[in-house]
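Visitor: So that we are looking at the same thing, I have put the structure below in structure tokens.
None of the figures in this text is laboratory data; all of them are computed from the coordinates on show. Fair warning: this is a prediction, and the values are worked out from it, not measured in the lab. Using ideal geometry, Cβ is built from the backbone for each residue, glycine included, and neighbour counts are taken over all protein chains shown.
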Number of protein chains: 2
Amino acid sequence: MPTDLLIHNCSALVRGDDGVYTTLPHHDIHVHGNRIAALTPTQPLAALDAHTIVEANGQIATPGLINTHAHVPMVLFRGIAEDVSVDRWFNEFIWPVESNLTAEDVYWGMQLGLVEMIEAGVTTVADHYFFMDEAARAVSEAGARALLGWAVFASQGYGALDATAAWVERWQGGAGGRIRTWLAPHAPYTCDDDFLRATVAHARRLDVGIHIHAAEDPAQTASSLAKRGITPIQVLEQTGILDGPTLIAHGCGILPTDVALLAQYSGHVGVAHCPKTYLKLASGLTPILPLQGAGVAIGLGSDGAASNNTLNIWESLRLMALTQKFTANDPEVMPVHAALDIAFRGSAAAIGMAGQLGELAPGYLADIVLIDLGGAHNQPLHSIPAALVYSMAATDVRTVIIDGKVIMQERQLRTLDKAAIIAQVARSMNRLAQRVPGQRIQVYNP
Amino acid sequence: MPTDLLIHNCSALVRGDDGVYTTLPHHDIHVHGNRIAALTPTQPLAALDAHTIVEANGQIATPGLINTHAHVPMVLFRGIAEDVSVDRWFNEFIWPVESNLTAEDVYWGMQLGLVEMIEAGVTTVADHYFFMDEAARAVSEAGARALLGWAVFASQGYGALDATAAWVERWQGGAGGRIRTWLAPHAPYTCDDDFLRATVAHARRLDVGIHIHAAEDPAQTASSLAKRGITPIQVLEQTGILDGPTLIAHGCGILPTDVALLAQYSGHVGVAHCPKTYLKLASGLTPILPLQGAGVAIGLGSDGAASNNTLNIWESLRLMALTQKFTANDPEVMPVHAALDIAFRGSAAAIGMAGQLGELAPGYLADIVLIDLGGAHNQPLHSIPAALVYSMAATDVRTVIIDGKVIMQERQLRTLDKAAIIAQVARSMNRLAQRVPGQRIQVYNP
């Protein structure tokens, strides 16, 4: 069987059975269709039979990064709400300006965010936003992979929920299988229990999972306990959400008792960890080590660019490692290999794609990134894993392959027109930044 | 008087009297000799008389960044000591491998670090290391600005101290005034009081300041209190160091009583804050807000790349802002304007260059960086200050001017041969990484 795509002469990042990441220098990666067929020592080009050959010139090949929680089109609001409390962030800035959004805005915002992510080696995103037909169209056109959810609040009514379920059916397996769709109720504090139960009923009928914000910070957990005597994670259990695939965003307010509860559902529950947002909004940190200990998959996310202010998962990786050491007061915590394992395999598991994404191995989907660590800021290269976690820049990503297709080659985008997208977004930015008093999509009062 | 260098059509970042940073769009910056002469609204090129014109095409002009504490040649050891305690970091990794260093290694390491810093818009570095004749030669050849100190331990004896003082005289005002030299005893825990007093005597005779590590983490302060009943900052006072210009590295172990003590010397004392190292080595954080309140200048530093693992001061800036919000549990703490003020004016004051560096204003030294915020990760550009703190990448720096000379233009280095430097360093990396049991330059036992 001839190779459809061959990556020639890369150093392939692989994980040993001892959990240590190493690179296989001078290797070729053979892709058949949209999957990795083999990794072999480099052969002369003349000996190879491949439809497309990507010359790596010794660059590092890694699995594509996965952004396990984002609101990608919020790049439209990047930098609009700085240095404010969470309450003001929602009520005075974000929810007012989101009332300006149109379907077309979301399409362009999604494209802009996909440009940013592809340029940074992010090949899959779990997105949670509005006007998701347009978001899905942008993903399809970009050639990216995504787990999409259409965000919904109980205040919108059951008709809106039904519409998001219809959208789930409409786009499931879209873009040649690159798009998966889940349900996406916003959060326990914006969706009452009956609404969550109705969501679960749709999810079981459609055989899909649920992507939801929960216990975003300790204050939300305290508020839930004060108002109704149970934590947000207990709400997820009592409404049946945890019985199926679940992706929990943030969880900085997860208590030790919640960890024990989640352990019972660990085979199909993931938590998206977005440390830059947590530092910036002073939300505390997800208890990722206890959750890992309970068997819960931990993935890396960006959250929206209105808080992050980027969609750079390399930065999430670095901040995760740094903050774990800092808060544990122990520099031996979260070694580089454990951090890389969360970025690659943990993130894949968190979005229900364990065994499909997150490794360079035969049978895995061919989402592959080539990285040039030859820049001054990475040299000399005593440790490739350390460079990936602590010194590389997103701009060191040179080439991005998704589903076996070359989406960016030597930093030239193949599917998206960056200049046109940036120009289009610039035209709408002033309209989108308008804040009309009293006009907002929700009120934040968890 | 004709303009020697003119930056045409930039957006110049300036600080208002209210402390808010704004940009002056469509402005020209006129440089006479090595200083900024004027900022004026953009004129047509035909109307301008300048020896050299740099076309900014609307890019953002900022003051060059200042790295107020580094061990630049330690880029040679980047990635060599990951995920280990401070004790093991010094005793098992860094101080053993530093025994391999030769003067020539330092020359090449300094050049490599200067490439990295110039590419990231760092125009001045306060460096603290060994073989500083070669470091100074590299700075001179690179066209960079530096405040250099030759690190010395009491165990080396007074002859070594005298030699560093002779070096201070030899290089003071070197490279056409771009190099200033200070004395650089390593730390109170490696230099006894008599040695520090002898250093002070040299400093007074030479009319220079002292750059020293002190109270690097809470454990060092606790150890000093246990062993001798006073803090490391009190040692600096009692030995007379604080009577003259002083640059204190780190200070994560500075106590409230130390802050009150330092307030008495605030006119000439600065503290270098290097948050990435503190997170990675779990050192706590410098109490920068109390120190600012006491009038002590706070600057941003990288520390060495063996802990950081880069020399990227934009990352130090971002981590400073994020960690201040996180540890204060208040997202309103350290707003972007306050963070930028530390990066620019604070850092200048910390190295004794207030009024000379850190602002784009007439009379200031012409250390200027041009930044392209047009990339997808910064767009749309609702807030330039927010982009500088939270979304830009070091690679967005396009052009670097130091002392009125173009050192990098559109990412092409003018003074350093990057490929040759990286190749040279690669040849020595295995030799430098050797750890011979028992062979180390010091023992860490603060």
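Visitor: Using C-alpha positions alone, give me the convex hull volume of the range B:65-350 per residue in cubic angstrom.
Guide: 117 Å³
Visitor: Along Cα-to-Cβ, 7 Å out, sits the label point; list in nm, shortest first, how far the one on A:Glu104 is from those in the other copies.
Guide: Relative to the other copies, A:Glu104 has label-point distances of 6.6 nm.
Visitor: Given the Cα-Cα distance of A:Ala160 and A:Asp243 and 0.36 nm per residue of separation, how much length would full extension add, in nm?
Guide: This chain segment gains 27.6 nm when fully extended.
Visitor: Chain B: which residue's Cβ hugs the B-to-A rotation axis most tightly, distance rounded to whole Å?
Guide: B:Thr395, 2
Visitor: Can you give the convex hull volume per residue for the Cα atoms of the range A:16-86, as a whole number of Å³?
Guide: 218 Å³
Visitor: Still on this structure: Treat the count of other C-beta atoms within 10 Å as a stand-in for reagent exposure and order B:Ser223, A:Ser383 from fewest to most. Can you show the working numbers first?
Guide: Details: B:Ser223 16, A:Ser383 19.
Placing the least packed residue first, the sequence is B:Ser223, A:Ser383.
Visitor: So, one more: How high is the relative contact order of the range B:65-350? Use alpha-carbon pairs under 8 Å, at least six apart in sequence, and give a whole percent.
Guide: 21 percent
Visitor: How big, in percent, is the set of alpha carbon pairs in the range A:302-393 lying more than 22 Å apart? Display every interim value, and only then the final one.
Guide: Working: 1544 of 4186 pairs.
Counting every Cα pair in the range A:302-393, those more than 22 Å apart make up 37 percent.
Visitor: Further question: Round to the nearest 0.05 the FRET efficiency obtained for A:Arg197 and A:Asp49 when R0 = 41 Å and r is the Cβ-Cβ distance. Can you show the working numbers first?
Guide: Details: r = 56 Å, r/R0 = 1.36.
Given R0 = 41 Å and the Cβ-Cβ separation, E is 0.15.
Visitor: Nearest 500 deg cm²/dmol is fine: what mean residue ellipticity at 222 nm does the protein assembly as shown get from its DSSP H runs of n ≥ 4 alone, each adding -39,500 (n - 2.57), divided by its residue count?
Guide: -9500 deg cm²/dmol
Visitor: Shifting gears a bit: For chain B, with a Gaussian network of springs between Cα atoms less than 10 Å apart, report the residue from B:His69, B:His377, B:His186 with the top mean-square fluctuation.
Guide: Comparing B:His69, B:His377, B:His186 in a Gaussian network model of chain B, the most mobile one is B:His377.
Visitor: When the scattering of the range A:200-267 is computed by the Debye formula from its Cα atoms alone, each counted once and equally, what is log10 I(q)/I(0) at q = 0.11, 0.12, 0.24 Å⁻¹?
Guide: -0.24, -0.29, -1.05
Visitor: Compute the distance in nm between two label points, each set 7 Å from the Cα along the Cα-to-Cβ direction, one at B:Val443 and one at B:Val20.
Guide: That separation, rounded to one decimal, is 5.9 nm.
Visitor: Exceeding 24 Å between C-alpha atoms, which entries from my cross-link table qualify? They are A:Lys276/B:Lys280; A:Lys280/B:Lys276; A:Lys227/B:Lys325; B:Lys276/B:Lys405; A:Lys280/B:Lys280. Spell out each step's value before the answer.
Guide: Working: A:Lys276/B:Lys280 16 Å; A:Lys280/B:Lys276 16 Å; A:Lys227/B:Lys325 28 Å; B:Lys276/B:Lys405 31 Å; A:Lys280/B:Lys280 19 Å.
Beyond 24 Å between Cα atoms: A:Lys227/B:Lys325; B:Lys276/B:Lys405.
Visitor: Using only alpha carbon positions, build the gyration tensor of the protein assembly as shown, then give the equivalent ellipsoid semi-axes as the square roots of 5 times its eigenvalues, largest first, whole angstrom.
Guide: They are 45, 29, 29 Å, listed largest first.
Visitor: Based on the alpha-carbon gyration tensor of the range A:228-375 and its eigenvalue square roots a ≥ b ≥ c, which shape applies: rounded if a/c is under 1.5, prolate if not and a/b is larger than b/c, or oblate? Each step should come with its number before you reach the end.
Guide: Working: a/c = 1.74, a/b = 1.28, b/c = 1.37.
Because a/c hits 1.5 or more and a/b fails to exceed b/c, the range A:228-375 counts as oblate.
Visitor: Here's another thing I want to ask about it. So how far apart, in nm, are the two label points at A:Ala222 and A:Glu169 if each is 7 Å from Cα heading toward Cβ?
Guide: Going from the A:Ala222 label point to the A:Glu169 one covers 4.5 nm.
Visitor: Taking N as the number of residues in the range A:123-176, what value does Rg over Cα atoms divided by 2.2 N^0.38 Å take?
Guide: Ratio of Cα Rg to 2.2 N^0.38 Å: 1.14.
Visitor: Kirkwood Rh and Cα-based Rg: tell me the resulting Rg over Rh for the range A:244-299, rounded to two decimals.
Guide: 0.96
Visitor: I would also like to ask the following. Going by C-beta contacts inside 10 Å, put B:Lys280, A:Lys405 in order with the fewest on the left. All intermediate terms of the calculation are to be shown ahead of the outcome.
Guide: Numbers: B:Lys280 23, A:Lys405 19.
In increasing order of surrounding Cβ atoms, one gets A:Lys405, B:Lys280.
Visitor: Now, a different point. Report the Cα centroid-to-centroid distance between the range B:317-391 and the range A:199-256 in angstrom, as an integer.
Guide: 38 Å
Visitor: Going by how many other beta carbons lie within 10 Å of each one, how would you line up A:Thr22, A:Thr42, fewest first?
Guide: A:Thr22, A:Thr42
Visitor: Same structure, new question: Report the calculated FRET efficiency for B:Asp330 and A:Gln434 (r = Cβ-Cβ distance, R0 = 25 Å), to the nearest 0.05.
Guide: Once the sixth-power term is evaluated, E becomes 0.35.
Visitor: Something else now. Compare B:Thr239, B:Thr40, B:Thr231 in a GNM of chain B, Cα atoms joined below 10 Å, and give the one with the largest fluctuation.
Guide: B:Thr40
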